[in-house]
Each structure stands twice: as structure tokens, then as C-alpha cells.
Amino acid sequence: MSMSEKLLDPQGRQRSKTISFRMSPEEAEVLDSLVAASGMTKQDYITSCLIDHRITVIPHTCTYKGLYDEMGRVYRELRRIKRDGHVSADLERIIGALAEEFSGLGGELSEVEKEDAAVRALRR
């Protein structure tokens, strides 16, 4: 690709506008975690969120590594919580997003999902 060729998005549109905004370090950490879990680029993730597109995670080794790294970070945070007893709203959001991504990757229900389904069935 030469310098004069236009870089187009998957729909063939030229992305020529730059949008920027500020975030707190905590907000940026949550965003980075959600982006890593999605397997998307940060630009595509933010654009999808803002335009209300569905975020679809396409599993591949990079996505798995991002999920694995995020789960490690969440695990360390949960160990800290075990000592301190405080769960932040940001961590709750990250855990929820990671749980959705993991449940969407496999075809078979996990043991926890099976137990949840059994409990829901008992309520009927």
C-alpha cells in the first residue's frame, strides 16, 4: 500500500475524522479490559459501542490470550477482595463482560451454568 492509497474500513468507508476524549485512569482500565476481552481493536470497540452495534467476539489465539490475561487480573483482584472485602463497580462490570464472553465461546454449558439452569428450573 502506498502513502497515497486511502485506508478504508471493512464497509469501504474512509475513516478521516479523529475523535478524542478524556477518561479517568479507572475508566481507561475498564475500557482496556473490555477491549481485550472483545478481541477487537479499541477503535472498532468504541465505534461499535457508540453506534450501538452488537459486539461480536471472534475467537482466535489473540482473543484467548486477552481473555486469559484479563481473567488473571480479575483473579488477583478477587484475592485482594478476599482480604479487604470491597468490590468496585468497575470490577463488577469487567467480571460481567468477561463472563458473557466466556459463555459465548464454548458450545457446551459450564458446570456453573448447568447449576444455574438447574436452580432456575426448580423455581418453576
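The values are calculated or read from the model by the stated rules, or taken from the named source; none is laboratory data. All values derive from a computational prediction rather than experimental measurement. As a convention, Cβ positions derive from the backbone with ideal geometry for all residues, glycine included, and neighbour counts pool all protein chains shown.
Please go through the range 32-47 and pick out each residue that is crowded, with 16+ Cβ neighbours inside 10 Å, more than 18 Å from residue 98 (Cβ to Cβ) and not hydrophobic (A, V, I, L, M, F, W, C).
Correct list: 44 only.
What's the total number of residues in the range 69-97 that are assigned to a helix (DSSP H, G or I), touching a Leu at 6+ places or on another chain (Cβ under 9 Å), closer than 17 Å to residue 26 by Cβ and not basic (Lys, Arg)? Let's see the steps before the verdict.
Of all residues in the range 69-97, those assigned to a helix (DSSP H, G or I) come to 69-84, 89-97.
Retained after the next criterion (residues that are touching a Leu at 6+ places or on another chain (Cβ under 9 Å)): 70-71, 74, 77-78, 81, 91, 93-95, 97.
Pick out the ones that are also closer than 17 Å to residue 26 by Cβ and you get 70, 74, 77, 81, 91, 93-95, 97.
When the remaining residues are screened for being not basic (Lys, Arg), the result is 70, 74, 77, 81, 91, 94-95, 97.
The total comes to 8.
Restricting to the range 48-64, name every residue that is more than 16 Å from residue 100 (Cα to Cα) and modelled with pLDDT under 75.
Matches in the range 48-64: 52, 53, 60, 61, 62.
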